[in-house]
Amino acid sequence: MKTAIVILNWNGQKLLEQFLPSIVNFSANEAEIYVADNASTDSSINYIKEFYPAVKIVQNVVNGGYAKGYNDALQSINADIYCLINSDVEVTENWLSPIIDVFKSDEKTAIIQPKILDYKDQTKFEYAGAAGGFVDLYGYPYCRGRVFNHLEKDNNQFNDISEIFWASGACFFIRSQVYHQLNGFDEDYFAHQEEIDLCWRTQNIGYKVKYVGMSTVFHIGGATLQETNPHKTYLNFRNSLLNIVKNVPKKWFLFVVFSRLILDGIAGIKFLIELRPIHTWSILKAHLSFYKNFFKFLGKRRKLQKKQDYNLHTSIVWQYFFLGRKKFEDLK
């Protein structure tokens, strides 16, 4: 299987200096390595050319964010498997083989993510993906090893191969044929949760998404947008709502949309109580953008062929905040 590791970069020379060495050292014999540059204005490209001449460069004309950035770059990359990896990820020895083996053994597996641990505290899972993602009835995402802001320690409890609902965009393997069949990421998302949408659509055409815990990477997280950044709050709330409109089964649709709008309003009040009004404003802006895009995304809906009962756990908000269930294994 021809594998292409594609690192999306925007003004990230310092991150490339820190993390590109591990990718080259532990991957060059098994994959071609690319940097997809999103119209950087720093010295990223010159740095790669000088110190890593074997790394191939694809230069995008504009910074279209995560979604358009990868869509543009992957048009010119020929491979069976794409590994889309953030520039703030450190990989480990033999990290590729377990994942490629799963692709080879199951042709219906289209997307895979490895175990993602926190670079800053390598005993814990990292927020953006942990040990594989899921969504609850209301479209809220969570992970094995990470429910809301509670991060579990890695005690080898997720050293398995498991079917999941979504794989993290921080380190996202996908069959190129499936990626192009589905026209890649939805560029209306710009960034955040477009990987959930793509995983949802992938399952709707009969493929599986998996987690492979024998492969480990370390992710800084928030290197592009910090968790406290109000624009990140805006994108997460807006894109989560757009995911619902685009993908939730018909029988749940109206209930889930109205419930989410109410729950988001409660989250906005919570931010006000915490003296973070700028995040309340971000939620309001997210809802205004959601209303503006509602009919556009309604037109994007596709007939679901699988995952009609996508909610493994009914309400993460209820279980986490009211019942105090912080770990994945405690959810019901």
Exercise for the section: Would you mind checking K14/K120; K115/K208; K14/K115 for any pair whose Cα atoms are more than 19 angstrom apart? Expected result: K14/K115
Exercise for the section: Give me the angle, in degrees from 0 to 90, between the Cα long axis of helix 13-27 and the longest principal axis of the Cα atoms of the chain, rounded to the nearest 10. Expected result: 70 degrees
Fill in the blank from the handout: Between the modelled labels at L254 and I77 (7 Å from Cα along Cα→Cβ) the distance in nm is 4.4 nm
Practice task
Report, by chain and number, residues whose modeled amide H sits under 5 Å from the one on S87, excluding near sequence neighbours (fewer than 5 apart, same chain).
Solution key: L8
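Would you mind counting up the charge near G69? Only other residues with Cβ under 11 Å from its Cβ, with Lys and Arg at +1 and Asp and Glu at -1.
Surrounding charge for G69 is -3.
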Handout entry: Most fluctuating residue given options K14, K68, K115, as computed from a GNM of the chain linking Cα atoms under 10 Å
Key = K14
Fill in the blank from the handout: Final fewest-first order of R146, R201 on the 10 Å Cβ neighbour count is R201, R146
Practice task
Could you list, in their original order, any pairs among K124/K232; K250/K327; K124/K326; K108/K332; K124/K332; K68/K232 whose Cα atoms are separated by more than 20 Å?
Solution key: K124/K232; K250/K327; K108/K332; K124/K332
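Note the full-extension length gain between D101 and K124 as 0.36 nm times their separation in residues minus their Cα-Cα distance, in nm to one decimal. Write out the running numbers ahead of the final one.
Values: separation 23, 0.36 × 23 = 8.28 nm, distance 2.59 nm.
Extra length from D101 to K124 when fully extended: 5.7 nm.
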Practice task
Pop the C-beta distance of K270 and V61 into the FRET formula with R0 = 35 Å and round what comes out to the nearest 0.05.
Solution key: 0.30
Exercise for the section: Averaging sequence separations of C-alpha pairs under 8 Å and six or more residues apart, then dividing by the length of segment 230-330, give the relative contact order as a whole percent. Expected result: 36 percent
Fill in the blank from the handout: If one builds a Gaussian network model of the chain from Cα atoms under 10 Å apart, the most fluctuating residue listed among Y52, Y207, Y34 is Y52
Exercise for the section: Answer rounded, prolate or oblate for segment 1-68, using the Cα gyration tensor with square roots of eigenvalues a ≥ b ≥ c: rounded when a/c is under 1.5, else prolate when a/b is larger than b/c, else oblate. Expected result: oblate
Exercise for the section: Within the set of other residues whose C-beta is less than 10 Å from the C-beta of Q113, count the net charge using Lys and Arg as +1 and Asp and Glu as -1. Expected result: +1
Problem - Whole-number percent relative contact order across segment 3-219, with pairs defined as alpha carbons under 8 Å at least 6 apart - result: 25 percent
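Sorting check: for 74-80, 191-197, 135-141, which peptide has the highest mean count of neighbouring beta carbons within 10 Å, and how do the rest follow?
Sorting 74-80, 191-197, 135-141 by mean packing, highest first, produces 191-197, 135-141, 74-80.
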Practice task
Springs between alpha-carbon atoms under 10 Å, Gaussian network over the chain: tell me which of Y179, Y320, Y211 tops the mean-square fluctuations.
Solution key: Y320
Completion exercise
Options (i) 0.98; (ii) 0.95; (iii) 1.05 for Rg/Rh (Cα atoms, Kirkwood Rh); the value derived from the coordinates is listed as (ii)
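Which shape class applies to segment 230-330: rounded if a/c is under 1.5, otherwise prolate when a/b exceeds b/c and oblate if not, where a ≥ b ≥ c are the square roots of the Cα gyration tensor eigenvalues?
Numbers: a/c = 2.40, a/b = 1.15, b/c = 2.08.
Since a/c reaches 1.5 but b/c is at least a/b, the shape of segment 230-330 is classed as oblate.
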Handout entry: the chain - mean residue ellipticity at 222 nm from DSSP helices (-39,500 (n - 2.57) per run, n ≥ 4, rounded to 500)
Key = -11500 deg cm²/dmol
Exercise for the section: Could you line up W10, W166 from fewest to most neighbouring Cβ atoms inside 10 Å? Expected result: W10, W166
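Each value in this text was obtained by applying a stated rule to the coordinates, not by laboratory testing. Bear in mind the structure is a predicted one, so any value in this text is a computation, not a measurement. Ideal geometry is used to build each Cβ from the backbone, glycine not excepted, and the neighbour counts take in all protein chains shown.
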